[in-house]
Amino acid sequence: MSKNIITISREFGSGGRTIAKEVAKKLGYAYYDKELVKQISMETGFSEGFVEENGEYASAKNWLAAAFSHLSFPGVMAGPSMDDFLWAMQRKVILDLAEKGKCVIVGRCADFILKDRTDCFHVFIHADPKARAERIVRRYGTSEQSPEKRLDDKDRRRRLYYKHYTEREWGMAQNYHLSLNSGEIGQERCVEMIVQLAQAL
């Protein structure tokens, strides 16, 4: 019996998105990444850029607010934040897409959102920081920040976001069926391994 849904979580610069796209292509599965962002944008009314940035990453402002969310202040209305609303809608969209059939979903805590489904295969892609730094320079070019700083910033914000909404540690092997080092194994072999296992399990 093959797994109908594959979630690909990844470190920034590990090539996880490219791997996910190739896996979907080889299996003939629907692929949800930018398409997922577009769907969430349509559901929420937020711009795709806003969803892209805030649906997977924590900002300093968001986490300062989250740190004090358990407190109440006279005259201040309590209620879900914009980030919580985005999370709820993102969760709804992912659950709806999973119901539509065979697919590969990139990031956005899909591994957690779909953790109770038995037809899912959860994968985490990581790589050595040096390999990731070289890849992001090749793919995105240089910026004012060093490649290492960009990696640290993206991974830290993604880790905080994941922890806040799942109460689990991002990247921990126990949360996934398979964890692959794309820097050592290579992207093509990662694709082959995911496809073979998804079909065999």
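The values are calculated or read from the model by the stated rules, or taken from the named source; none is laboratory data. Note that the structure is a prediction, hence the values are computed from the model and not measured. Glycine gets a Cβ as well: all are built from the backbone with ideal geometry, and neighbour counts include every protein chain shown. For accessibility, only protein heavy atoms count, side chains too; no ligands or nucleic acids. Shrake-Rupley method; radii C 1.70, N 1.55, O 1.52, S 1.80 Å.
With a ≥ b ≥ c the root eigenvalues of the C-alpha gyration tensor of the chain, is it rounded (a/c under 1.5), prolate (a/b larger than b/c) or oblate?
On the way: a/c = 1.88, a/b = 1.30, b/c = 1.45.
Oblate, since a/c reaches 1.5 and b/c is not below a/b.
Would you mind finding the longest exposed-site-free stretch of the chain, with exposed GluC sites (Glu not before Pro) meaning DSSP loop and at most 10 other Cβ atoms within 10 Å?
On the way: sites that count: E144, E167.
The longest such stretch corresponds to 1-143.
Which listed residue (L160, I113, S143) has the Cα farthest towards the positive end of the charge dipole for the chain, taking +1 on Lys and Arg C-beta and -1 on Asp and Glu C-beta about the Cα centre?
The listed residue farthest towards the positive side: S143.
When the Cα centres of segment 96-131 and segment 172-190 are compared, how far apart do they sit, in Å?
Centre-to-centre (Cα) distance: 13 Å.
Please turn the phi angles of segment 88-96 into ³J(HN,Hα) values with the Karplus equation 6.51 cos²θ - 1.76 cosθ + 1.60 (θ = phi - 60°), one per residue in order, whole Hz, x for glycine and proline.
4, 6, 5, 4, 4, 5, 5, 5, 5
List every residue whose amide H lies under 5 Å from the amide H of A30, counting only residues 5 or more places away in sequence or on a different chain, with H placed 1.01 Å from N in the peptide plane.
C103, V104
So, counting K/R as plus one and D/E as minus one, what does the shell of residues with Cβ under 14 Å around E43 add up to? Walk me through the numbers before you get to the answer.
Values: positive: K38, R91, K92, R108; negative: E35, E48, D96.
Around E43, the charge tally is +1.
Pop out the carbon and sulfur fraction of the accessible area of the chain as a percent, whole number, probe 1.4 Å. Could the numbers behind the result be given before it?
Details: 5820 of 10960 Å².
Looking at the chain in its full context, I get 53 percent from C and S.
What does the net charge come to around H126 if you take all other residues with beta carbon closer than 9 Å to its beta carbon, with K and R at +1 and D and E at -1?
0
What 222 nm value per residue comes from the helices of the chain, counting each DSSP H run with n ≥ 4 as -39,500 (n - 2.57) and dividing by all residues, nearest 500 deg cm²/dmol? Don't skip to the answer; put the middle values down first.
Numbers: 10 runs with 111 residues, N = 201.
Rounded to the nearest 500, the figure is -17000 deg cm²/dmol.
Given a 1.4 Å probe, how much area per residue of the chain is accessible, in Å²? Provide the component values of the computation, followed by the final result.
Numbers: 10960 Å² over 201 residues.
Normalised by residue count, the accessible surface of the chain is 55 Å².
What lysines could a cross-link reach from K130, if we take a straight Cα to Cα line under 17 Å and drop same-chain neighbours fewer than 8 places away?
K149, K154
When only Cα pairs under 8 Å and 6 or more residues apart are kept, what is the percent relative contact order across the chain?
Working: 256 pairs, mean separation 81.4, N = 201.
Contact order relative to length: 40 percent.
State to the nearest 20 debye the size of the charge dipole of the chain about its Cα centre, where the only charges are +1 on K and R beta carbons and -1 on D and E beta carbons.
Values: 31 positive and 28 negative charges, 56 e Å.
Dipole about the Cα centre, nearest 20: 260 debye.
Among the lysines, select those whose C-alpha is under 23 Å from the C-alpha of K92, and discard any that sit fewer than 8 residues away in the same chain.
K3, K21, K34, K38, K100, K102, K115, K163
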